[in-house]
1. Considering each of 258, 247 in turn, give the residue that is in contact with a strand residue (DSSP E or B) (Cβ under 7 Å, 6 or more places away or on another chain) and either loosely packed, with under 15 Cβ neighbours inside 10 Å or at pLDDT below 95 (or both).
2. Of 113, 108, 121, which residue is in the same structural domain as residue 174 (by TED's automatic domain parsing) and farther than 16 Å from residue 46 by Cα?
3. Could you say which residue among 184, 178 is at pLDDT below 95 and out of contact with any helix residue (DSSP H, G or I) (no Cβ under 9 Å at 6 or more places or on another chain)?
4. Residue check: is residue 72 part of a strand (DSSP E or B) and either crowded, with 20+ Cβ neighbours inside 10 Å or in contact (Cβ under 8 Å) with a residue 12 or more places away in the chain (or both)?
5. List the number of the failed condition for residue 95; all other conditions in (1) outside any helix (DSSP H, G or I); (2) at pLDDT 95 or above; (3) over 22 Å from residue 148 (Cα atoms) hold.
6. Within segment 204-218, can one find any residue that is closer than 21 Å to residue 147 by Cβ, in a strand (DSSP E or B) and assigned by TED's automatic domain parsing to the domain that holds residue 158?
7. Can you name the residue in segment 126-137 that is crowded, with 18+ Cβ neighbours inside 10 Å and assigned to a helix (DSSP H, G or I) and, of all such residues, is farthest from the chain's Cα centre (by Cα)?
8. Just to be sure I understand, how many residues within segment 138-163 are outside any helix (DSSP H, G or I), over 26 Å from residue 182 (Cα atoms) and in contact (Cβ under 8 Å) with a residue 60 or more places away in the chain?
């Protein structure tokens with residue numbers, strides 16, 4: 001019995017030692033988190049941005065993924081949904097979470113203080129590339145987001161293929177024209193019934209032909225129970241008509257944090273695979 005007790009004690013000690021080593025390794029490999037105030041020259045004001053840089057174990061540069069929040073969110077939305085630091089470390093990529101306010105991530109034709117396409121596609125990438133160890137290349141830069149941010153990611157991606165070689169959307173509002181009285185869109189674009197051409201020209205769905213020949217890697221996903229599922233399916237069908245290569249995923253779930261907590265892992269895995277292909281070609 002004494003030998004048996006000693007054996008059990010040794011096994012317990014071995015397990016505890018392994019756990020301590022594993023925890024120590026996890027603690028030693030932790031993404032650096034910076035909360036910044038990034039100035040927009042076009043808007044003449046600063047915006048909050050959170051940047052996650054992976055543990056710099058021997059790597060000089062990293063790809064970058066921009067994560068855009070939804071309506072009524074801010075730079076802390078994605079960190080509240082998932083462990084962004086874990087994603088940065090796991091996939092060895094810098095992840096940027098900007099505050100897009102309720103801008104729909106476009107340059108508003110009616111409000112000079114809401115010029116977020118310029119901020120997201122020019123000013124912020126220039127700042128990140130200047131202050132962090134990035135690969136300043138479209139092929140190693142991605143953008144995605146949820147809901148309003150899904151529209152914003154696709155919009156900025158299709159408008160700026162020279163900046164974003166990889167674009168995605170999860171539960172995105174792909175056609176803002178279907179929602180003339182929702183989510184303060186009219187504050188950004190004006191009254192839809194007086195400015196229908198402006199609304200159409202700022203809607204992802206009516207701009208999809210810009211993806212023709214863009215050579216971008218595209219991922220779209222939405223839950224079956226999401227109220228944006230029909231327009232995401234419509235977007236998928238239109239991209240097939242245009243013969244634009246893309247990945248389209250549907251899974252059980254609605255317009256919820258639980259769905260995005262799950263979906264963002266697949267989106268970032270998709271981008272990481274594209275980054276790996278490029279880096280292996282170097």
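The values are calculated or read from the model by the stated rules, or taken from the named source; none is laboratory data. All values derive from a computational prediction rather than experimental measurement. Here the Cβ positions follow ideal geometry from the backbone for every residue, glycine too, while neighbour counts run over all protein chains shown.
1. 247
2. Sole residue among the options that is in the same structural domain as residue 174 (by TED's automatic domain parsing) and farther than 16 Å from residue 46 by Cα: 108.
3. On inspection, the qualifying residue turns out to be 184.
4. In short, no.
5. (3)
6. The answer is yes; a qualifying residue exists.
7. For segment 126-137, the residue satisfying everything is 127.
8. 2
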